[in-house]
Amino acid sequence: MYCSKCGTKNSGKGLYCKHCGASLVEEALEEEIQTNDYTYDDNKYREEKEPVYKTVNKSKNKTKNKNINRNNNKRDKKDSKNNKNEKQIIHKTSPFQKFMIAFMIIIIIILTGGLIVAGLYIFQDKTVEVPDVVGSNVDQAALILENMDLRVKVHEEKVEEEQQNNIVLKQNKAAGEFVAKNSRIILTIGKYDAKKLENYIGMSIKEAQSKLKRLGIDYEIKEIESTEEEGIVISQTPTQGSVYNDNTKVVLTVSKKVKTIKETDEEKEEEQIETDEEEQ
C-alpha cells in the first residue's frame, strides 16, 4: 500500500504511514471498494446471499445422500459376500464329514430301537395279557388265569337255564387287555337255582292239588285201595327232591277205602239196574 501524501510504500498492516505519519485507513477502504466493487445495500446483500445459501444446502444434501448410498452399497456387497462364503462352506463339506453324519444317524436309530425293545421287554415281564374265558366252566377258567399269575374272584348271578350253571358269563377285564401280574380278575358265573319237588306224601289230595297248581306243575291222580285214610296221598312220582321244569308231570297215588263184600254186591246191583233201564 502506498501513502497518498508521500508515496512511501507501506506493508498494509499499520494504520499510519511509516514515513510521514499520515493515516492509511481511508486509502485502504477506497482500495478495497475499487477492487471488490463492494456495496452496502442491505437488500442487495440479502438477494445475493440467499441463492448462495440455497446452493450450499443442496450440495450438502446431495453429498449426504451420496454417502448414504455408498454405505448401503457397501453393506449389500458385504452381505452378498457373506452369503457366498456360507454357500461355499456348505458345498465344501468333505466326504468324511458326510460319512460321520450318516454314521451318527444310524447310531441314533439303533439306540432308539434298542430302547423301544427294552421297554417292551420290561413291560411284558411285569404285565400279562388277559385271556378270554367267557363261556368256560368256572373251574377251567380259574385254572387258566392262575397259571398266568392272575388272581380270581367269583361273583354269582342267578340264571334260569340249567345249562348256564357254573359257566362264566362275563369278566371285568376285557380279553386282550394288558394288566399287571397278580391282578384280580372278577368272573361272573351263572347260578341256577334248581326247582325241586317237595314231599306231598301224607297230604290230602286237595292240599297237594292246590300246591301243584300254584307252581304250574301238571299232575295225575291214581286211586288205590289202602288201609290209609281215604283221600290221602300215599306215593308220588317223581319223588321228593327231584328237579322239575315246565314239562314235568307229577303222578299222585291216593288211598281209596277198601269196600266190603256187601258194599260190592250193592254196587253191582245198582249198576245192573242202571243197565236195564237204559235197555228199556
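The values are calculated or read from the model by the stated rules, or taken from the named source; none is laboratory data. Here the structure is a predicted model, which means the values were calculated and not measured. Please note: Cβ atoms are built from the backbone with ideal geometry, for glycine as well, and neighbour counts cover all protein chains shown.
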Task: Extreme residue, surrounded by the most Cβ atoms within 10 Å (Cβ to Cβ), among residues of segment 132-167 that are more than 27 Å from Tyr244 (Cβ to Cβ) and β-branched (Val, Ile, Thr) - done: Val133
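Table: residues versus (1) assigned to a loop (DSSP other than H, G, I, E, B); (2) more than 33 Å from the chain's Cα centre (by Cα).
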residue	(1), (2)
Pro131	yes, no
Leu143	no, yes
Glu146	no, no
Ala175	yes, no
Val179	no, no
Asn182	yes, no
- [ ] Check segment 203-215 and report whether any residue there is part of a strand (DSSP E or B) and among the acidic types (Asp, Glu).
- [x] no
Open item on the list: Looking at segment 199-224, I want the residues that are without any contact (Cβ under 8 Å) to a residue 60 or more places away in the chain and have a partner that is surrounded by 13 or more Cβ atoms within 10 Å (Cβ to Cβ) and small (Gly, Ala, Ser) with Cβ atoms under 8 Å, at least 6 apart or on another chain. Which pairs are those?
Closed with: Tyr200/Ala208; Ile201/Ser235; Ser204/Gly231; Ile205/Gly231; Lys206/Gly231; Tyr219/Ala208; Glu223/Ser255; Ile224/Ser255
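Conditions tested, residue by residue: (1) out of contact with any Gly (no Cβ under 8 Å at 6 or more places or on another chain); (2) of a type in the set (S, T, N, Q); (3) not assigned by TED's automatic domain parsing to the domain that holds Leu212.
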site: Lys98; (1), (2), (3): yes, no, yes
site: Val154; (1), (2), (3): yes, no, yes
site: Val159; (1), (2), (3): no, no, yes
site: Asn166; (1), (2), (3): no, yes, yes
Task: Matching residues in segment 231-253 - criterion: being on the phi > 0 side of the Ramachandran plot and over 60 Å from the mean Cα position of the chain (by Cα) - done: Gly231
- [ ] Mind listing whichever residues of segment 168-177 are in contact (Cβ under 8 Å) with a residue 40 or more places away in the chain and surrounded by fewer than 15 Cβ atoms within 10 Å (Cβ to Cβ)?
- [x] Ala174, Ala175, Gly176, Glu177
- [ ] Look at Leu212 and say whether it is surrounded by 13 or more Cβ atoms within 10 Å (Cβ to Cβ), over 30 Å from Glu129 (Cβ atoms), within 60 Å of the chain's Cα centre (by Cα) and of a type in the set (A, V, I, L, M, F, W, C).
- [x] yes
Open item on the list: I'd like to verify a number: residues in segment 190-200 that are of a type in the set (Gly, Ala, Ser) and surrounded by 13 or more Cβ atoms within 10 Å (Cβ to Cβ), how many?
Closed with: 1
- [ ] Looking only at segment 178-189, decide whether some residue is small (Gly, Ala, Ser), in the same structural domain as Leu143 (by TED's automatic domain parsing), farther than 25 Å from Val159 by Cβ and surrounded by 12 or more Cβ atoms within 10 Å (Cβ to Cβ).
- [x] yes
Task: Filter result (over 60 Å from the mean Cα position of the chain (by Cα) and among the hydroxyl-bearing types (Ser, Thr, Tyr)) within segment 184-209 - done: Tyr200, Ser204
